[in-house]
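*Asks:* Just passing along the structure, written as structure tokens.
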Amino acid sequence: MGKASLFVKRFFVEVFTTSFEFKEFVWQCYAIGYRSLPLVSITGFIMGLVLTIQSRPTLAQFGAESWIPGMVTLSLVREIAPVITALICAGKIASGIGAELGSMKVTEQIDAMEVSAINPFKYLVVTRIMATTLMVPVLVIYADLVGLFGGFIGYNIHGEVSLFRFFSQALESLTFMDLIPATIKTVFFGFFIGMIGCFKGFHAENGTESVGKAANSAVVTASLSIFIIDMIAVQITDLIF
Amino acid sequence: METTAKETTVKATPPSSEMVIDIKDLHKSFGANSILKGVNLKVAKGESVVVLGKSGSGKSVTIKCLVGLIAPDTGELNVFGTDVTQLNNNQLNELRARMGFLFQTAALYDSMSVRENLGFTLRHHNKKLSADEIEQATIAALQGVGLEEAIDKMPSELSGGMRKRIGLARTMIIKPEIMLYDEPTTGLDTITSREISELILELQSKNKTTSIIITHDMPCARLTADRIVILKEGVIAAEGTYEELEKSEDEWVRSFFI
């Protein structure tokens, strides 16, 4: 816990007091964001599709099929897309960062940076955490949209609605009070995914075995932290809104 | 890299009396395992000191303490007259900018090409350099180690000897005043080891660097050392030139030279 606290403290010191590695940050945004698009697209689409197909019979019993777009939108935007996308990112990004930094640590590449008077924390850690903090919310918003499209396809399996009408109904049911808390919590998801991946990788012990451990531990801890943050976010949202 | 033995075995500059490294009573333990138990070592400007010793005797720990990678328990580590242990991060980085460190594995950045490995280091050292100047310096450094054709290769495409040369070029590109080599020829065949040793000697005489070379490779030690120190049980047990130690009355010391 002590090490983790010092790591977080160092991040805030480095991010606010030293020059920023902008080029590396942009590269990380590309690697973390753009390269996760296929995975997020598939999961987002399936989320929307399955949610619509599963909800339909129950709503149909009450003659409330027209509520499907609104219900699917609220479920996706408020809870399902943020949590599922964050879990996907924890699996892909946190493990990737943990393995990459862990490998750099055990092969002395981080030491090589340090003895070359290059700040490895600023170059490797700050850029990655900033990139995940920015890109995870972007990926979640993207997953929301793809999920809605999946919902549209799901609705049209048994019914018939135009894309425009489906999206109009979906967006009508949304308010800023749905979007803002959901987006804020994804910022925290992204921050913790990056922080945990970097922490585990940066503190890998010597030996290749520790690289696997760092990656594995990063996924488990990041996934758990997503649920904990979600629980806290729901309580806070409930109190404030 | 074609370098004649005649050229490279000539020690270019005799060391001066000015001490650039002065290690006093250095102690370091890892848990209950005491590695260094009072190492004292002085290295003069331009001097090349080879450190010998059994595996685990603390050779690498000593030079890692010198660059601030490992914090010693007690002792003084004076480099250019400044105690490394008393420096903050910024001051330590200023000192590190005058030193080079060649790792046993060369520690090339896997995700970068050879060009990026060299350019990355130089760009962070001198932010005022233009892309063109960095490119020129990169090519010159690669020519210095005879590997300019490897400029676009990735580290995974390089052999062990090539990695060491590129590691050397990456370190030398910042023109360090002190070079620390951690087993530069380990894992290489005899011929490549000799080539690396000759390269070290050539770069040393060209750049007038002060060096500490940790090695188990006696031909490398013979070629590069002005002076040899031998670590035993955490302290320096023997010191002298290659020829002196080779004829030592101490059988344990002589055993290194067989």
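*Asks:* Relative to the longest principal Cα axis of chain B, at what angle does helix B:131-144 sit, 0 to 90 degrees, rounded to 10?
*Replies:* Computed tilt is about 50 degrees.
*Asks:* Something else: Using a 10 Å Cβ count of at most 15 others and DSSP loop calls, identify the longest part of chain B lacking such GluC sites (Glu not before Pro). Write out the running numbers ahead of the final one.
*Replies:* Values: sites that count: B:Glu2, B:Glu18, B:Glu233, B:Glu249.
Result for the longest clean stretch: B:19-232.
*Asks:* Once each part is reduced to its C-alpha centroid, what is the distance from the range A:27-86 to the range B:182-258 in angstrom?
*Replies:* Between the Cα centre of the range A:27-86 and that of the range B:182-258, the gap is 65 Å.
*Asks:* To continue, here is another question. If amide hydrogens are placed 1.01 Å from N in the peptide plane, which non-local residues have theirs closer than 5 Å to the one on B:Leu231?
*Replies:* Correct list: B:Leu52, B:Gly53, B:Ala237.
*Asks:* Relative contact order for chain B: what is it in percent, counting Cα pairs under 8 Å that are at least 6 residues apart? Write down the numbers at each step before the final one.
*Replies:* Values: 469 pairs, mean separation 66.4, N = 258.
With pairs under 8 Å counted, the relative contact order is 26 percent.
*Asks:* What is the magnitude of the charge dipole of chain A about its Cα centre, with +1 placed on the Cβ of each Lys and Arg, -1 on the Cβ of each Asp and Glu, and no other charges, expressed in debye to the nearest 20?
*Replies:* Around 180 debye, computed over chain A.
*Asks:* Select from the range A:90-144 those GluC sites (Glu not before Pro) which occupy a DSSP coil region and have at most 15 other Cβ atoms within 10 Å, ordered by residue number.
*Replies:* Values: sites: A:Glu100, A:Glu108, A:Glu114; in loops: A:Glu108.
Passing sites in the range A:90-144 do not exist.
*Asks:* Moving to a separate point now. I need the GluC sites (Glu not before Pro) found in the range A:157-241, filtered to DSSP loop residues with at most 12 other beta carbons within 10 Å of theirs.
*Replies:* Passing sites in the range A:157-241 are A:Glu160, A:Glu205.
*Asks:* Excluding B:Pro176 itself, calculate the net charge of residues whose Cβ lies under 12 Å from the Cβ of B:Pro176, where each Lys or Arg counts +1 and each Asp or Glu counts -1.
*Replies:* Overall, the nearby charge balance is +4.
*Asks:* Across the range B:128-246, how many lysine pairs, 8 or more positions apart or on different chains, have C-alpha atoms separated by under 20 Å? Please give the number.
*Replies:* Numbers: B:Lys128/B:Lys175; B:Lys153/B:Lys164; B:Lys164/B:Lys175; B:Lys164/B:Lys206; B:Lys175/B:Lys206; B:Lys175/B:Lys208.
Here the count comes out as 6.
*Asks:* To continue, here is another question. Compute the helix-to-body angle for A:37-61: its Cα long axis versus the longest principal axis of chain A, expressed 0 to 90° and rounded to tens.
*Replies:* The angle comes out near 30 degrees.
*Asks:* Same structure, new question: What is the sum of charges around A:Val40, taking Lys and Arg as +1, Asp and Glu as -1, for the other residues whose C-beta is under 12 Å from the C-beta of A:Val40? Mind showing how you got there, number by number?
*Replies:* On the way: positive: A:Arg35, A:Lys92; negative: A:Asp144.
Charge balance near A:Val40 sits at +1.
*Asks:* Report relative contact order for chain A in percent, whole number only (criteria: Cα-Cα under 8 Å, sequence separation at least 6).
*Replies:* Working: 328 pairs, mean separation 81.9, N = 241.
Relative contact order for chain A comes out at 34 percent.
*Asks:* Going by alpha carbons, how many degrees (0 to 90, nearest 10) lie between the helix axis of B:114-125 and the longest principal axis of chain B?
*Replies:* The two axes meet at around 70 degrees.
*Asks:* Quick check: the distance between the Cα centres of the range A:217-238 and the range B:52-74, to the nearest angstrom?
*Replies:* Cα centroid of the range A:217-238 versus Cα centroid of the range B:52-74: 43 Å apart.
*Asks:* Let me ask something else. So for the range A:54-190, averaging the separation of alpha carbon pairs under 8 Å that are six or more residues apart and normalising by length, what relative contact order in percent results? Numbers along the way, then the final one.
*Replies:* Values: 93 pairs, mean separation 63.4, N = 137.
Relative contact order here is 46 percent.
*Asks:* Sticking with this one: Mind checking the dipole of the protein assembly as shown: about its Cα centre, +1 per Lys or Arg Cβ, -1 per Asp or Glu Cβ, Debye to the nearest 20?
*Replies:* Working: 45 positive and 53 negative charges, 123 e Å.
Dipole of the protein assembly as shown, to the nearest 20 debye: 580 debye.
*Asks:* While we're here: If the only charges are +1 at each Lys and Arg Cβ and -1 at each Asp and Glu Cβ, what is the size of the charge dipole of the range B:110-155 around the Cα centre, to the nearest 20 debye?
*Replies:* On the way: 5 positive and 8 negative charges, 50 e Å.
Dipole magnitude for the range B:110-155 comes out near 240 debye.
*Asks:* With just the Cα atoms defining each centre, how far is the range A:100-130 from the range B:146-176? Give it in Å.
*Replies:* Cα centroid of the range A:100-130 versus Cα centroid of the range B:146-176: 19 Å apart.
Coordinate-derived values only; no laboratory data. On a predicted model such as this, the values are computed, not experimentally measured, just so you know. Every residue, glycine among them, receives a Cβ derived from its backbone with ideal geometry; neighbour counts consider all protein chains shown.
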